[in-house]
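The structure appears below as structure tokens.
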Amino acid sequence: MRRRYAKVSIIGAGNVGATCAFRIAEKGYADVVLIDIVEGLPQGKGLDMLEATPIIGSDARIIGSNRYEETANSDIVVITSGVARKPGMSRDDLVLTNKKIVQEVVAQVVQYSPDCIIIMVTNPLDAMTQLALHLSKFPRSRVFGQSGILDSARFRTFIAQELDVSVEDVFTCVLGGHGDTMVPLTRLCTVGGVPISELLPKEKIDSLVERTVKGGGEIVALLKTGSAFYAPGVATAQMVDAIILDRKKILPCAVRLDGEYGISGVVVGVPVKLGKNGIEQIIELKLTPEESASLRRSAAAVQELLKVMQI
Ligand code: APR
């Protein structure tokens, strides 16, 4: 395969995987390989996307396959394979089913792309990222997960709607696990540089936080047959972008902390610098005692899942 372009493989050609693949293909800087266990699914979606390239003006090559040989020497592998939740389920309910799938997938990824960066998307996100880190034996700079970009995007959307401003002018910061224990730091939330506390009453901010925390569930309840995929797909593509283009972007990602924020050996979401080497720096924000306690609660919830997975 030509190496003029970067190579990104996406495992799981379902809703999130396909959305992410198409977004990357549109950028035109990477060839994309879509992998799935279902025969014909990655091939069909890959061919459909390839046939869109003349229209979207991209020379990316996109192929779909059921064979990991096609992923050999990928720069980045995005793992979305797994079961999505249905109404009434929490992300944590997926843990044992998705553990088996992630185990199988990571072994293949490591065999064919020993130097790649792995971006985890499968839920429960923090636990699955920790599992991939454990199985791959890669450094934490090369195995991390997408969650905070999505959670922040949801919060930004709700704030922009409330204030009738552009979503681009809203900055938010969400830490912690990708679930009910996530920690939106309203203190650092600004609109055009102005603190949100000067623009909205506390009760309103609290209700937007609540909607953000339950944002995934809101969509599951509407879809009934699966979970969100447009926003998760493009959030993951933004991480790919930061790495391939070495943008050194500060983005919230799920990463194993080794003493930062007073937490050791557990994956949770914090802001990091993302560039060509993956996570190039963990940004340590000064937290209030309450915020610190919330982050520790989040890490404890992830630790419970690690016990369930026995890792
Ligand atoms: N190897 C490769 N692909 C697999 C495997 C496996 N062992 N097991 C399942 N898959 C594939 C399925 O065939 C399916 O095409 O993973 C895909 C998952 O796609 P969807 O069911 O559409 O789920 P999606 O909405 O994309 O969510 C995937 O991301 O956001 C998380 O919670 C979500 O864990 C879920 C994951």
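Once you have the alpha carbon radius of gyration of the range 175-227, what is it after dividing by 2.2 N^0.38 Å, with N set to its residue count? Provide the component values of the computation, followed by the final result.
Working: Rg = 13.3 Å, N = 53, 2.2 N^0.38 = 9.9 Å.
Cα-based Rg divided by the globular estimate yields 1.34.
Taking a ≥ b ≥ c as the square roots of the Cα gyration tensor eigenvalues, with a/c under 1.5 meaning rounded and otherwise prolate when a/b beats b/c, else oblate, which class fits the range 148-309? Please report the intermediate quantities before stating the final value.
Working: a/c = 1.24, a/b = 1.21, b/c = 1.02.
Rounded, since a/c falls under 1.5.
Measuring from centroid to centroid over Cα atoms, what is the spacing of the range 33-111 and the range 193-231 in Å?
Computed from Cα coordinates, the inter-centre distance equals 28 Å.
So what is the 222 nm mean residue ellipticity for the chain from helices alone, if each DSSP H run of at least 4 adds -39500 (n - 2.57) and you divide by all residues, rounding to the nearest 500 deg cm²/dmol?
Values: 9 runs with 132 residues, N = 311.
About -14000 deg cm²/dmol.
Note down the relative contact order for the chain as a percent, whole number, built from C-alpha pairs under 8 angstrom at least six residues apart. Before the final figure, lay out each step's value.
Working: 639 pairs, mean separation 53.9, N = 311.
So the answer I get is 17 percent.
Per residue, what volume in Å³ does the convex hull of the Cα atoms of the range 100-204 enclose? Working shown, then result.
On the way: hull volume 12.4 nm³, N = 105.
Considering the Cα atoms of the range 100-204, their hull volume per residue is 118 Å³.
State whether the range 224-295 is rounded, prolate or oblate according to the following rule on the C-alpha gyration tensor (a ≥ b ≥ c being the square roots of its eigenvalues): a/c under 1.5 gives rounded; otherwise a/b larger than b/c gives prolate, and the remaining case gives oblate. Let's see the in-between values first.
On the way: a/c = 2.34, a/b = 1.26, b/c = 1.86.
Note, shape of the range 224-295 comes out oblate.
Over the Cα atoms of the range 36-185, what radius of gyration and what Dmax do you get, in Å?
Calculated on Cα positions, Rg and Dmax stand at 17.8, 50 Å.
Please state the shape class of the chain: rounded when a/c is under 1.5, otherwise prolate if a/b exceeds b/c and oblate if not, all from the C-alpha gyration tensor. Display every interim value, and only then the final one.
Details: a/c = 1.61, a/b = 1.38, b/c = 1.17.
The shape class here is prolate.
Can you run phi through the Karplus equation (6.51, -1.76, 1.60; θ = phi - 60°) for the range 208-224 and list ³J(HN,Hα) in whole Hz, with x for Gly and Pro?
Per-residue couplings from phi come out as 6, 4, 4, 5, 5, 4, 9, x, x, x, 4, 6, 4, 5, 6, 6, 6 Hz.
GNM, the chain, Cα, under 10 Å: largest mean-square fluctuation among S74, S197, S136?
Per the Cα network of the chain with a 10 Å cutoff, S197 tops the list.
Would you please give the residues with an amide H less than 5 Å from that of C253, counting only those at least 5 places away or on a separate chain, with H modeled from the backbone geometry?
V270, V272
For the range 253-311, which trypsin sites (Lys or Arg not before Pro) are in a loop by DSSP, counting at most 15 other Cβ atoms within 10 Å? If you can, show how the numbers build up before the last one.
On the way: sites: R256, K273, K276, K286, R296, R297, K307; in loops: K276, K286.
Taking the range 253-311 and a limit of 15 other Cβ atoms within 10 Å, the loop trypsin sites (Lys or Arg not before Pro) found are K276, K286.
Work out from phi, with θ = phi - 60° and the Karplus expression 6.51 cos²θ - 1.76 cosθ + 1.60, the ³J(HN,Hα) of each residue of the range 225-239, listed in order in whole Hz, and give x for Gly and Pro.
After applying 6.51 cos²θ - 1.76 cosθ + 1.60, I find 10, x, 10, 4, 9, 5, 5, x, x, 6, 4, 5, 4, 5, 5 Hz.
For the chain, set up a Gaussian network in which alpha carbons nearer than 10 Å are linked by springs, and say which option among A221, A72, A132 fluctuates the most.
A221
Would you kindly state how much longer the chain becomes between K202 and D48 on full extension, computed as 0.36 nm times their sequence separation minus their alpha carbon distance, in nm to one decimal?
Details: separation 154, 0.36 × 154 = 55.44 nm, distance 4.77 nm.
Gain on extension, K202 to D48, equals 50.7 nm.
What is the extension gain from K214 to I311, computed as 0.36 nm multiplied by their sequence separation minus the C-alpha to C-alpha distance, in nm to one decimal?
Details: separation 97, 0.36 × 97 = 34.92 nm, distance 2.77 nm.
Fully extending the segment from K214 to I311 adds 32.1 nm.
Mind scanning K204/K224; K7/K276; K7/K27; K248/K276 and naming the pairs with a C-alpha gap bigger than 18 Å?
K204/K224
What distance in nm separates the two pseudo spin-label positions at E69 and E39, each 7 Å out from Cα along the beta-carbon direction?
1.7 nm
Within the range 213-248, find all residues whose amide N lies under 19 Å from a label point positioned 7 Å from the Cα of D59 along Cα-to-beta-carbon.
Answer for the range 213-248: 245.
Just the number, please: percent antiparallel of the DSSP beta bridges in the chain, rounded to the nearest 5. All intermediate terms of the calculation are to be shown ahead of the outcome.
On the way: 22 of 43 bridges.
Antiparallel bridges: around 50 percent, rounded to the nearest 5.
Read phi for every residue in the range 255-265 and hand back ³J(HN,Hα) as whole Hz from Karplus 6.51 cos²θ - 1.76 cosθ + 1.60, θ = phi - 60°, with x for Gly and Pro.
Each residue's phi maps through the Karplus curve to give 9, 6, 8, 10, x, 5, 6, x, 10, 10, x Hz.
Values quoted throughout were computed directly from the atomic coordinates according to the rules given, and no laboratory measurement underlies them. Model, not experiment: these values are computed from the prediction. In this analysis, Cβ positions are derived from the backbone assuming ideal geometry, glycine residues included, and neighbour counts consider all displayed protein chains.
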